[in-house]
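The values are calculated or read from the model by the stated rules, or taken from the named source; none is laboratory data. Since we're looking at a predicted model, the values are computed, not measured. Reconstructed Cβ throughout: ideal geometry from the backbone, glycine too, with neighbour counts over all protein chains shown. To get the accessible areas, we keep the full protein, side chains included, count just its heavy atoms, and leave off ligands, DNA and RNA. Shrake-Rupley method; radii C 1.70, N 1.55, O 1.52, S 1.80 Å.
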Amino acid sequence: MKSRMLIAVGAALLVGACSGISTTTDFDPAVDFSGFSTYDWVDSQGEVDNITSSRIRQSVDAAMAARGFTQSSSNPDLAVSYQVSTAERRSFNTVNAGWGGGYGWGGWGMGMGTSTTTENVWQEGSLILGIFDTSSKNLVWTGTATTDIDGSRSPQERQDLIDSAVNKMMGDFPPGS
């Protein structure tokens, strides 16, 4: 029984670690989100190809619909926009090996050692969603999802990654629901 529990916990941690998507969200606590029911898209900033843009919009549309929102171009309550950014990330790992000297029977001793440093470079991408109250023109909710970019992903894997990022980011949207 105990080993089954450890296997289940280990599997859950492995799945969580493999997702690799970190998210943050913020919202205006003075806003009553229960009064909103419709939304529409506004022009998004940043360079992104039409395939990625379509994937993002499709994923956000599905998330909004699952939360009871309807897309409407006729006087919507909310406006949704997104940005995509990329950044090159680096990390350095240094491993030290050797042995040292010290004070002993023969006096002071000498030491010897070596260090090896390796550099890891990767691309990281972020999807930033902004949701605005159309009557006040104020940002009422924002979310960011960040993960490593892997150019070898298939189209379906790319869609799945965007869906996961949007669903994780919008997990508590609308606030207070």
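Return the total of residues in region 13-38 being out of contact with any strand residue (DSSP E or B) (no Cβ under 7 Å at 6 or more places or on another chain) and either at pLDDT 95 or above or closer than 29 Å to D77 by Cα (or both).
The number of residues fulfilling the criteria is 6.
Within region 21-69, restricting attention to residues that are in a strand (DSSP E or B) and among the hydrophobic types (A, V, I, L, M, F, W, C), which residue is surrounded by the fewest Cβ atoms within 10 Å (Cβ to Cβ)?
W41
Can you tell me how many residues in region 73-86 are touching a Phe, Trp or Tyr at 6+ places or on another chain (Cβ under 6 Å) and either open to solvent by 90 Å² or more (accessible area, probe 1.4 Å) or basic (K, R) (or both)?
Count: 0.
Could we say that A79 is in a strand (DSSP E or B), modelled with pLDDT of 90 or more, closer than 29 Å to D148 by Cα and more than 18 Å from the chain's Cα centre (by Cα) here?
yes
What residue, among those in region 82-120 that are among the aliphatic types (A, V, I, L, M) and in a strand (DSSP E or B), is modelled with the lowest pLDDT?
So the residue we want is M112.
Could you please find all residues in region 131-165 being within 23 Å of G20 (Cβ to Cβ) and of a type in the set (G, A, S)?
G143, A145, G151, S152, S154, S164, A165
Using the structure shown, decide if V166 is open to solvent by less than 60 Å² (accessible area, probe 1.4 Å), under 17 Å from T52 (Cβ atoms) and at pLDDT 95 or above.
yes
Does R89 satisfy the criteria of being under 16 Å from M169 (Cα atoms), in contact (Cβ under 8 Å) with a residue 12 or more places away in the chain and open to solvent by 60 Å² or more (accessible area, probe 1.4 Å)?
Taking the combined requirement at face value, the residue does not satisfy it.
When region 121-157 is examined, which residues are found to be open to solvent by 70 Å² or more (accessible area, probe 1.4 Å), within 14 Å of the chain's Cα centre (by Cα) and either on the phi > 0 side of the Ramachandran plot or in contact (Cβ under 8 Å) with a residue 60 or more places away in the chain (or both)?
D148, I149
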